[in-house]
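A.B. asks: What follows is a structure written as structure tokens; I'll ask about it next.
Laboratory data are not the source of any read-out in this text; all were calculated from the coordinates shown. Being a predicted model, the structure only gives us computed values, none of them experimental. Cβ sites come from the backbone with ideal geometry, for glycine too, and all protein chains shown count toward neighbours.
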Amino acid sequence: MNWQEEWAYNKYWVMSKSQKAYDQIRLMAKNNEWSKAKETELERIIKSLENVEPTKKTLTNVYQHIWGYFKKICTDSERKEYVKLIASLEPEDDQLGLFLRDLTYKYQIKYLIQSRIIRELEK
């Protein structure tokens with residue numbers, strides 16, 4: 001997997017754990033200039049987030065980004081469900097993540113299907 005694929009796979013997962021880490025990686029990836037040192041740093045950052053639990057704030061942010069894939073194609077009832085679930089989002093009982101996972105498969109959003117955050121919601 002090249003670094004762009006690695007970043008695409010981990011992007012929303014990283015965002016769900018740490019906005020700071022997400023911004024740091026985005027900055028490293030700027031201009032598509034990559035190096036062995038950056039690759040090592042990317043791996044270090046991802047590894048450092050393995051045991052970090054998402055917060056309500058980080059989950060809200062990442063789910064708003066993911067929702068962007070659906071907001072123009074979803075049904076009215078799906079939109080209402082999203083609004084209800086984001087308002088009551090709690091990391092310990094993440095119903096919104098499961099809802100977005102289901103929409104990902106329903107609408108076959110390839111980028112999301114291949115993302116770590118959606119894959120980990122399958123477990």
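A.B. asks: Just to be sure I understand the curve: with the Debye formula and one point per C-alpha of the stretch 24-107, what is log10 I(q)/I(0) at q = 0.11, 0.14 Å⁻¹?
C.D. replies: -0.43, -0.64
A.B. asks: Which residues in the stretch 44-85 have a backbone N closer than 15 Å to a point placed 7 Å from the Cα of Met1 along the Cα-to-Cβ line?
C.D. replies: Only 44-50 fall inside the zone, counting backbone N under 15 Å.
A.B. asks: In addition: Calculate one ³J(HN,Hα) per residue across the stretch 93-104 by plugging θ = phi - 60° into the Karplus curve 6.51 cos²θ - 1.76 cosθ + 1.60, and present them in order as whole Hz with x for glycine and proline.
C.D. replies: Karplus-based 3J(HN,Hα) across the stretch 93-104 equals 9, 7, 6, 5, x, 5, 4, 5, 4, 4, 5, 4 Hz.
A.B. asks: How many nm separate the modelled label positions at Arg119 and Ile73, each set 7 Å beyond the Cα in the direction of the Cβ?
C.D. replies: 2.1
A.B. asks: Can you list the HN-Hα couplings for the stretch 8-13, worked out from phi with the Karplus curve (6.51, -1.76, 1.60; θ = phi - 60°), rounded to whole Hz and with x for Gly and Pro?
C.D. replies: 4, 5, 9, 3, 6, 5
A.B. asks: By how many nm would the segment from Asp93 to Thr40 lengthen if fully extended, with 0.36 nm per residue of separation less the alpha-carbon distance?
C.D. replies: Between Asp93 and Thr40, full extension yields 15.7 nm more.
A.B. asks: According to the square roots a ≥ b ≥ c of the eigenvalues of the Cα gyration tensor, what is the shape class of the stretch 1-73, taking rounded for a/c under 1.5, prolate for a/b larger than b/c otherwise, and oblate for the remainder?
C.D. replies: oblate
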